[in-house]
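Here's the structure we're looking at; comments come further down.
The values are calculated or read from the model by the stated rules, or taken from the named source; none is laboratory data. No experiment lies behind these values; they were computed from the predicted model shown. Positions of Cβ are backbone-derived with ideal geometry, glycine not excepted, and every protein chain shown enters the neighbour counts. Heads up: the accessible areas ignore ligands, DNA and RNA and are worked out on the full protein's heavy atoms, side chains in. Shrake-Rupley method; radii C 1.70, N 1.55, O 1.52, S 1.80 Å.
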Amino acid sequence: MRYFSSLLLLLTIFLSTNSVYSQETGTLRGLVSDSLSGEVLVYASAYIKEINKGAHTDTRGYFIIPSVPANKTYTVAVSYVGYQTKFITVEVDNNKLSHYNISLSAKGIQMQTIEKVGDRYEFQNDTKVSVQRIAARELELMPKGVETDVFRSIQYLPGVQTTGDVSAKYYVRGGAANQNLVLVDGVTVYNPFHALGLFGVIDPDIVNNLEFYKGGFAAEFGGRLSSVMSISTKDGDKNKFGATASSSFMAAKLLLEGPIPNGSFIISGRKSFSNKILDNFFDENHVPVDFYDVSMKTNFTSPDFIPGAKFTVSGMFSGDNLKQDNPRVEDYKWSNNIMGIRWLQVPDSPLFFELAFSTSQFKGELISKQSGATPKKNIVDDFSMEMNFNYVFDSKDEVVSGFHIRDITTTLAMNNAVGVPVEIKANGTSVVFFSKYKMLRFDEVDMDLGVRINAVNLSRNSSVVVMEPRLNIKIRPTDNFALIGAAGVYQQEISTVTNEYEVINIFEPWVISPEYIKPQVAAHYITGIEFVPSEDFFITVESYYKKIDNFPVVNQKKILVTDPDFVTGEAESYGVEIFNKSKLEFITLMASYTNAYTYKTLGGLRYYNKYDIRHQVNLNLDFDLGNGWNVGASWIFHSGLPYTKIIGYYDKMYIDDYFYQNSYADFRQPYTILGIDNLHRLPEYHKLDITLSKKFDLSFAKVTLDASIINVYNRKNIFYFKRENGERVNMLPFLPTATIKVKL
Amino acid sequence: MRKKLFAILSIIAAVFTLSCSDTNFNPYDTHQEKFVMNCILHPDSSFQIVTLNRSYMVNNFDPFSSTEDTFVKGALVRLWNGNNEVVVLRDTTLTRTSGDPYNKPHRVYYTKNFKPKTATNILLEALLPNGKRLTSSTYMVKQPMNIEPLDSMRFYPKEGLGYAGAVWTTDQRNAVFATKATILYSRQGMYGDKVQRVSIPAYINKVNGSVVKYYPQPTNLNYWQIDSSAINYTLRSISEGDPAKDKYLVYSMIFEVSILDNNLSLYYNATSRGKDLYSVVIDETDYSCINGGFGVFGTYAKYSVVMTFDQLFLYKLGYKSGTY
């Protein structure tokens, strides 16, 4: 409580000093968008040369430059990756907010041009730590696999680990996969993967921008311990109707967009038509994947209705169906159904207000048929209401506050270990208030101080009020160098039942933390530097330490029905990440190195986590060859994943017939005796993927052809070894793929 | 353009040079010898066997290829019924069933003089030649289980019901039950007119035109039912290919239920996890009640309920009703 009082006092002091800056000045606000489609441009930069002040647009496309000396005319340079910089003349009135809609023209098929102005102001006016922003155009440049995938794109970032080519599932800074929050337009997606986790359900063509936080995320995000991926989707072309069709070896896609009265719409649908290529992913086992996804969004803005208001309705629906003809092989299906409605109010003041209602449902079902597999069903129903506002003071400081109310029901129906059907149903409501103060008034120091207050918790085994303080700080002794730091407390009350010993998990049900365990809580500590010696060179070095308490894991020693499904342990991870982005003429390089350590402690024993990767190097090269030709290459190297060695076999008795006198003497099978968990290391992993792209215009359409090769030099990376006999199974071999996209 | 292509090729070549090494991988560590003892005491027999083996290692990814005799010779293996009755087991060789993938000798310890008593603490001990001792104990509670035909069905079939089965009650917590249903019949002029038994599958299914039979698995449920299609299929199959149906006497249908003791129930639970095709599991739960090693020691109690067939029903199948 003393902490909270101090925080309020601090806020009061800062708020009272904001008025100092409010004399003889005005505020400049801009909405930056694409000149052709009207799509907002996120993290575009705006710069007023005369007063050496700038800002960048937020995820809604707005920038605000406060305290601009009033009654003068200025030239604002607005720039964005791949767009021509625009210079506009603006006038700022005293004590008023001057708003401008600014549209930028794309540079056509020459994709890779990074404007310099914006980067500098992003560097100077940002408190966010451990965040990576990926715009729609950058997604196009990422190496493509079988399908372009937003989840695959983040795997090239330092601190993000995967355990195989087969899964897009990712682990961030030693956290479990279920500790990653995925938000699409602010709505949680519980299982964002198709085809047993091969790639994501989110169509990259509908993504406007993506923010990926690897830790230290601010008070507006919560509910997960390790990372946040916040995806904003496109609004759709506001000026003309368009259609884009594309196809890979596996799926076909159609996207439609266009204007509607006072708004626009976009709808995209994807459907699989062949899964032959997937056999390469599953050790030549045929997996009859059949999937679809539909994403849609429409928006409405009318000065006649509510001036300054923008309403959006968005939805995403995906389904996967693995249906086997053989009655002795089980079927599996899962789906996501997501809907959201959002009201953004932008009044004639530097204030933004948002109110949103959303629903997210995940359903997964394993239908055992006559296979002997245990039938299972999981349903998550999530209804949320969210309200938040942010206000920009004349001092440039910002306050962001709001609350989230969430009602979640999880249902897990399955046969327990001895065949009795059980249904574990849990319902909880959480009410969370958050507030943060973003201090941007000083040139040398930016700070983001906030708190998240869990007034009502989902879990019944939780304190009445749980506080999650958050702090991000950036100190810039010079114009091109910054010291960064972040610390925070994070709570998670919903988790998947994940068997860590499954290298491919088909069924990972979500459940609210049961009453017998406390919600898991993490503490993040991050320090580092950012160095921008030139406009074509950017480097960050970050070190982190993360400690997780009440880390739930599946109880491997569960024998009795009455034994708990979860036991809790502790997890700890720390490491150093170096990330560099540089540009040399026609080559753009992203290079990173991660040195990480990840442990879990269970029953007093400390183990390496299965995704503990000691060294990881990622190299991403993009060659802009001109005339629409582009070559992307990515090379990943990481040291071996932990595994457990075989120390022997014994002939285990499997009792088939309790009525046959000597039956148990015969019905035996070799059983593998394993050594200490995760004590040894698999061989190192490395792989080179290459994508060749060509963009060209036909009279009626714009065409993009992509040809990719996964694992160019056919490296035999080990995926796992079979427990029953030690035989190794490798990851993806040399695999050529191609996609075609036609935009009308 | 040439400059650009040269730069691309140079970088790719450099990566190739760095990357073109293959990997040797050995998942095997030094063999650490462990011992395994298994014994399931049969309640209605005085012939009991104990298997006593050591672990082994292969390096060719095929544990079935091991022909090493893992039997532990020269051990002193003893069974106690309470504190008084003790028997020492002898070793012998058993013949394996056909189709067994093993190709190695199979020896066990046995006794012909041990019948487990209920309500006693039964102990098993093996003293190995290397001085290592493996021990275990079990206790069979003397609580007769009450077993009845499902839906009070004394005669099969019962009008309006498409199944038959049994229901039972017990006080043992977390108990696992093994079930079996058989039909007793005889054929005049064959098998010396002796009574024959045929097992009824839990259910049948047609896969690619042929019938697949699924036999019951142990369960935690306190009832068990068999679909009429499986019973009727089994009844028809006993005279399949034999035109002289009237020479068949069908006596009864017996539902047998074995209640496994705590050790066997836990062991069954740990070894019977249903797996699906897609999940790849690199470890599984192991359970042992053998101190100092792996394996299980347990016993069970067997109960049964008899159901007779409706005479008219048998007549329609061409059979006669018999009394046994």
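Given the criteria away from every other protein chain (no Cβ under 12 Å) and either under 18 Å from the mean Cα position of the chain (by Cα) or at pLDDT 85 or above (or both), does B:PHE313 qualify? Spell out how you get there, then give the answer.
Details: away from every other protein chain (no Cβ under 12 Å): yes; either under 18 Å from the mean Cα position of the chain (by Cα) or at pLDDT 85 or above (or both): yes.
Against the criterion (away from every other protein chain (no Cβ under 12 Å) and either under 18 Å from the mean Cα position of the chain (by Cα) or at pLDDT 85 or above (or both)), B:PHE313 qualifies.
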- Task: Being surrounded by fewer than 18 Cβ atoms within 10 Å (Cβ to Cβ) and either at the interface with chain A (Cβ under 8 Å from one of its Cβ atoms) or not β-branched (Val, Ile, Thr) (or both) narrows it down to one of B:PHE47, B:PHE71, B:PHE35, so name that one.
- Result: B:PHE47
- Message: Restricting to segment A:700-722, name every residue that is open to solvent by 20 Å² or more (accessible area, probe 1.4 Å) and assigned to a loop (DSSP other than H, G, I, E, B).
- Response: A:PHE700, A:VAL712, A:TYR713, A:ASN714, A:LYS716, A:LYS722
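Select the strands (runs of 3 or more DSSP E) contained entirely in segment A:418-491, then report the ones holding at least 3 residues which are of a type in the set (Lys, Arg), within 27 Å of A:VAL392 (Cβ to Cβ) and more than 14 Å from every other protein chain (Cβ to nearest Cβ).
On the way: elements: A:421-439, A:445-456, A:466-478.
Output list reads A:466-478.
For (1) open to solvent by 50 Å² or more (accessible area, probe 1.4 Å); (2) under 21 Å from B:GLY298 (Cα atoms); (3) modelled with pLDDT of 85 or more, each residue gets a yes or a no:
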site	(1), (2), (3)
B:PRO129	yes, no, yes
B:THR135	no, yes, yes
B:THR138	no, yes, yes
B:LEU150	no, no, no
B:ASN174	no, yes, no
- So, in segment A:634-658, of the ones that are more than 7 Å from chain B (Cβ to nearest Cβ), within 26 Å of B:ARG54 (Cβ to Cβ) and assigned to a strand (DSSP E or B), which residue ends up modelled with the highest pLDDT? A:TYR643
- Message: Filter segment A:225-235 down to the residues that are within 22 Å of A:GLY528 (Cβ to Cβ) and either open to solvent by 10 Å² or more (accessible area, probe 1.4 Å) or of a type outside the set (Val, Ile, Thr) (or both) and list them by number.
- Response: A:LEU225, A:SER226, A:SER227, A:MET229, A:SER230
- Among A:SER67, A:SER153, A:SER79, A:SER103, which is among the small types (Gly, Ala, Ser) and at pLDDT 90 or above? A:SER103
- Task: Please go through segment A:345-403 and pick out each residue that is of a type in the set (A, V, I, L, M), within 30 Å of A:ALA455 (Cβ to Cβ) and assigned to a strand (DSSP E or B).
- Result: A:LEU351, A:LEU355, A:ALA356, A:ILE379, A:VAL380, A:MET385, A:MET387, A:VAL392, A:VAL399, A:VAL400
- Task: Output the number of the condition that A:LYS547 fails; it satisfies all remaining conditions of (1) surrounded by fewer than 21 Cβ atoms within 10 Å (Cβ to Cβ); (2) in contact with a strand residue (DSSP E or B) (Cβ under 7 Å, 6 or more places away or on another chain); (3) within 30 Å of B:ASN263 (Cα to Cα).
- Result: (3)
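If you go through segment A:724-734 one residue at a time, how many are at the interface with chain B (Cβ under 9 Å from one of its Cβ atoms) and either in contact (Cβ under 8 Å) with a residue 60 or more places away in the chain or buried (at least 20 other Cβ atoms within 10 Å of the Cβ) (or both)? Step through it out loud before you land on a result.
Looking only at segment A:724-734, we keep the residues that are at the interface with chain B (Cβ under 9 Å from one of its Cβ atoms), and these are A:724-729.
Still in the list and also either in contact (Cβ under 8 Å) with a residue 60 or more places away in the chain or buried (at least 20 other Cβ atoms within 10 Å of the Cβ) (or both): A:726, A:729.
So the count comes out to 2.
Of all the residues that make up segment A:331-383, how many are of a type in the set (Asp, Glu), open to solvent by less than 30 Å² (accessible area, probe 1.4 Å) and within 25 Å of A:PHE291 (Cβ to Cβ)?
So in segment A:331-383, the residues of a type in the set (Asp, Glu) come out as A:331, A:348, A:354, A:365, A:381-382.
Subset that is open to solvent by less than 30 Å² (accessible area, probe 1.4 Å): A:331, A:354, A:382.
Going one step further and asking which of them are within 25 Å of A:PHE291 (Cβ to Cβ), we end up with A:331, A:382.
Count: 2.
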- Task: Search segment A:416-442 for residues being surrounded by 20 or more Cβ atoms within 10 Å (Cβ to Cβ) and among the polar types (S, T, N, Q), and hand back the single one that is modelled with the lowest pLDDT.
- Result: A:SER430
- Might you let me know whether segment A:596-605 holds any residue that is crowded, with 21+ Cβ neighbours inside 10 Å and under 23 Å from A:ARG723 (Cβ atoms)? yes
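Of everything in segment A:588-620, what is assigned to a strand (DSSP E or B) and under 21 Å from the mean Cα position of the chain (by Cα)? Give them in sequence order.
Taking segment A:588-620 first, the residues assigned to a strand (DSSP E or B) are A:588-602, A:605-608, A:615-620.
Hits for segment A:588-620 are A:MET590, A:ALA591, A:SER592, A:TYR593, A:THR594, A:ALA596, A:THR598, A:GLN616, A:VAL617, A:ASN618, A:LEU619, A:ASN620.
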- Over segment A:564-587, the set of residues outside any strand (DSSP E or B) and either open to solvent by less than 40 Å² (accessible area, probe 1.4 Å) or under 17 Å from A:LEU157 (Cα atoms) (or both) is A:PHE586
- Residue list for segment B:152-167, filter: surrounded by 14 or more Cβ atoms within 10 Å (Cβ to Cβ) and not in a strand (DSSP E or B): B:MET153, B:PRO157, B:LYS158, B:LEU161
- Query: Of all residues in segment A:573-631, how many are of a type in the set (D, E, K, R), away from chain B (no Cβ under 14 Å) and without any contact (Cβ under 8 Å) to a residue 24 or more places away in the chain?
  - Reply: 1
